[in-house]
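Worksheet for the structure shown next.
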């Protein structure tokens, strides 16, 4: 008797927690749908604010993609006398260094910094700290090597820094190789939910907007005063986001600043990438949850949203526990509210990975983008949602094991195949 | 927001109609909850109100028919398995309803979107 009552309470609490996320994301969707901000396309925005900008491009064994982004960087419309591009070759064993050197020898604003394979290969945070030593400009932007930015992306990103309260900025990530296969199509849907609705709504509501580690940047003096990137963290971006907020600054989201990424194209790569994200996020949850609650720089709404955002990667595990408890509980003792709780638990089966955007949020984002046919794939979110239960459970177990053994978990790099070039050529035939 | 309020109004009409003509709670619950989800997810989107109402009413009728069919198909099992069936039904029924509901909702967005938007291959301009 006692056992069923305890299970009942646990099940009800877990379902309430899940419902809190469902309501949060429904409100986000409503906020963005009420007044959708029109995504600006070319030409570049006119602005007189042109601070000096350092662009960091960390690269490790990226010979298939590094040339593409460096070529694109030379085409940026931002004044080149105010631009410093730093390519960080973090101990590559392929031709990444040679390709980057080709550009650094031809363009005076491109600098190549290299570490040998013995010194490098310690993760992105370590590479960024190495590159930061060379950065001389007021604003620092970061791009991953597999990304392909819009020509006017720098103007679009730096305009946020006109506001002195803004410490960091984030642009929108769009999947470049979306038509390749089922995995890339699902990743594209996840990105739509995350960037078209979730980030946009948080920015509008003045909640915790996330700096995503790429297609974004920060003020150099702030990151230096915070001691650079924390190399022990697997999610250096989330770590930086929270440090910026706790220091009393904001992160601004610019939906117009779009950059195209080469998404993972196999379930194995998906597992590796998302497991790293999960572990990094969980590390941040352990490190910052209490600090958020105690912070005097954050408002109540920011604290609540910050906690929900930080603990989002625990939700697949919560769902798993709710399912495990729910079924035997129902068989042991039926109570009339069970179907309602159970339906809420099941609704989560259609949530995207990363920010847990439920199917209606993803569909609304695709709808706003004018991509009704992409919406047809929304039911397939069930695949990644169930996959995320396994990924997050494994991530938590690995994190706990590494904590017990007092070892840092090694950085697992995502492999990029360079398939994005085909889609760039297809969309821009005269390029 | 006005579309959402109108959708709620339609929802109440559907609920009252169903309650008047169908007394079975096993049949009413999934239809009423599915219809409510359609109201919440469909009406806030930009698009023609007429198309939304058509889609909403059509999906409610479809939901009712599917659940009637399901009831008839499962009736022999319910007779044989007794209370065990009832347990399986309560656990599996929301899942079954959610499977078709999400699929129909996803496809239905094409129906309510503007034609010029519908035919666009991509919203993105990599240039």
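Of note:
- Here residue A:282 passes the criteria (1) touching a residue at least 60 places away in the same chain (Cβ under 8 Å); (2) within 14 Å of chain B (Cβ to nearest Cβ) except the one numbered (2).
- Residues within segment A:193-212 that are outside any helix (DSSP H, G or I) and under 11 Å from the mean Cα position of the chain (by Cα), tallied: 4
- Here residue B:62 fulfils each of the conditions (1) surrounded by fewer than 16 Cβ atoms within 10 Å (Cβ to Cβ); (2) in contact with a helix residue (DSSP H, G or I) (Cβ under 6 Å, 6 or more places away or on another chain); (3) modelled with pLDDT of 80 or more apart from (2).
- Residues that are more than 10 Å from every other protein chain (Cβ to nearest Cβ) and outside any helix (DSSP H, G or I), drawn from segment A:375-395: none
- Here segment B:75-121 is the region considered, the condition is being closer than 30 Å to residue A:172 by Cβ, more than 7 Å from every other protein chain (Cβ to nearest Cβ) and not in a helix (DSSP H, G or I), and the residue that is modelled with the highest pLDDT is B:114.
- Filter pass, residue A:235 being farther than 14 Å from residue A:256 by Cα, modelled with pLDDT of 95 or more and buried (at least 20 other Cβ atoms within 10 Å of the Cβ): no
- Test result for residue B:64, more than 10 Å from chain A (Cβ to nearest Cβ), more than 28 Å from residue A:375 (Cα to Cα) and part of a helix (DSSP H, G or I): no
- Residue, surrounded by the fewest Cβ atoms within 10 Å (Cβ to Cβ), within segment A:396-409, restricted to residues that are in contact with a helix residue (DSSP H, G or I) (Cβ under 8 Å, 6 or more places away or on another chain) and part of a loop (DSSP other than H, G, I, E, B): A:408
- Residue count for segment B:32-72, restricted to those that are under 30 Å from residue B:110 (Cβ atoms) and over 10 Å from the mean Cα position of the chain (by Cα): 21
- The set of residues in segment A:65-122 that are over 24 Å from the mean Cα position of the chain (by Cα) and part of a strand (DSSP E or B) comprises A:83, A:84, A:110, A:111, A:112, A:113, A:114, A:115.
- Tally, over segment A:150-192, of residues that are assigned to a loop (DSSP other than H, G, I, E, B), within 11 Å of another protein chain (Cβ to nearest Cβ) and under 20 Å from the mean Cα position of the chain (by Cα): 3
- Enumerated helices (runs of 4 or more DSSP H) restricted to segment A:291-374, each holding at least 2 residues that are at pLDDT below 75, assigned by TED's automatic domain parsing to the domain that holds residue A:199 and crowded, with 18+ Cβ neighbours inside 10 Å: none
The values are calculated or read from the model by the stated rules, or taken from the named source; none is laboratory data. No experiment lies behind these values; they were computed from the predicted model shown. Every residue, glycine among them, receives a Cβ derived from its backbone with ideal geometry; neighbour counts consider all protein chains shown.
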